[in-house]
1. Can you tell me how many residues in segment 1-19 are within 13 Å of the chain's Cα centre (by Cα) and either at pLDDT 90 or above or part of a strand (DSSP E or B) (or both)?
2. Would you pick out the residues in segment 1-41 that are under 17 Å from LEU78 (Cβ atoms) and charged (D, E, K, R)?
3. Take the residues in segment 67-77 that are touching a strand residue (DSSP E or B) at 6+ places or on another chain (Cβ under 7 Å) and closer than 18 Å to THR4 by Cα; name whichever of them is surrounded by the fewest Cβ atoms within 10 Å (Cβ to Cβ).
4. Limited to segment 25-39, what total is found for residues that are loosely packed, with under 14 Cβ neighbours inside 10 Å, more than 10 Å from the chain's Cα centre (by Cα) and either closer than 18 Å to TYR63 by Cβ or among the acidic types (Asp, Glu) (or both)?
5. Pick from segment 38-64 the residues that are part of a loop (DSSP other than H, G, I, E, B) and touching a residue at least 24 places away in the same chain (Cβ under 8 Å): which of them is nearest to LEU21 (Cα to Cα)?
6. On the basis of being of a type in the set (Ser, Thr, Tyr), surrounded by fewer than 16 Cβ atoms within 10 Å (Cβ to Cβ) and modelled with pLDDT under 90, does THR22 make the cut?
7. Suppose we filter ILE26, ILE38 for residues that are under 17 Å from LEU3 (Cβ atoms) and β-branched (Val, Ile, Thr); which single one remains?
8. Suppose the filter is of a type outside the set (Ser, Thr, Tyr), under 9 Å from the mean Cα position of the chain (by Cα) and not in a helix (DSSP H, G or I); does ALA67 pass it?
Amino acid sequence: MKLTLAAVRFRDGRMVLRDVLTHQRIELLRAGFRPFTITLDADRGGTREADLWMQEAPSLADYLNAANLLFQNEPGSLTWH
């Protein structure tokens, strides 16, 4: 299941959660943001995906912080690309 809720990290280090629907995706792309997908294979079954939007390549800490905000410590295995 792909979430419309996404983490958006700004260059000043702030990370916020936003609903990113089709028209917001276009605005973010025009502003120089790119989506990086985070996938959680939940221990209770099922897969959840969400995006981390950034203007530069994310670091490991960015992925982990975004996953914590998006999935709120739900147990499972994380992957990203």
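1. Here is the first cut: in segment 1-19, the ones within 13 Å of the chain's Cα centre (by Cα) are 2-10, 15-19.
Narrowing further to those that are either at pLDDT 90 or above or part of a strand (DSSP E or B) (or both): 2, 5-10, 15-19.
The number of residues fulfilling the criteria is 12.
2. Hits for segment 1-41 are LYS2, ARG9, ASP41.
3. Step by step, filter segment 67-77, then rank; the result is GLU74.
4. Keep residues of segment 25-39 that are loosely packed, with under 14 Cβ neighbours inside 10 Å, which gives 26-27, 29-32, 37.
Restricting the remaining residues to those that are more than 10 Å from the chain's Cα centre (by Cα) gives 26-27, 29-32.
Subsequent filtering for residues that are either closer than 18 Å to TYR63 by Cβ or among the acidic types (Asp, Glu) (or both) retains 27.
So the count comes out to 1.
5. To start, the set of residues in segment 38-64 that are part of a loop (DSSP other than H, G, I, E, B) comprises 43-46, 55-59.
Add one more test, that the residue is touching a residue at least 24 places away in the same chain (Cβ under 8 Å), and what stays is 43-44, 46, 55-56, 58.
Details: ASP43: 28, ARG44: 28, GLY46: 23, GLN55: 18, GLU56: 21, PRO58: 21 Å.
Ranking the candidates gives GLN55 first.
6. On the way: of a type in the set (Ser, Thr, Tyr): yes; surrounded by fewer than 16 Cβ atoms within 10 Å (Cβ to Cβ): yes; modelled with pLDDT under 90: yes.
Yes: the conditions hold for THR22.
7. Working: ILE26 fails: under 17 Å from LEU3 (Cβ atoms).
Answer to the selection: ILE38.
8. Here the answer is no, as ALA67 does not meet what is asked.
The values are calculated or read from the model by the stated rules, or taken from the named source; none is laboratory data. Owing to the predicted nature of the structure, the values given are computational and were not obtained by experimental measurement. All Cβ positions, glycine included, derive from the backbone under ideal geometry; neighbour counts span all protein chains shown.
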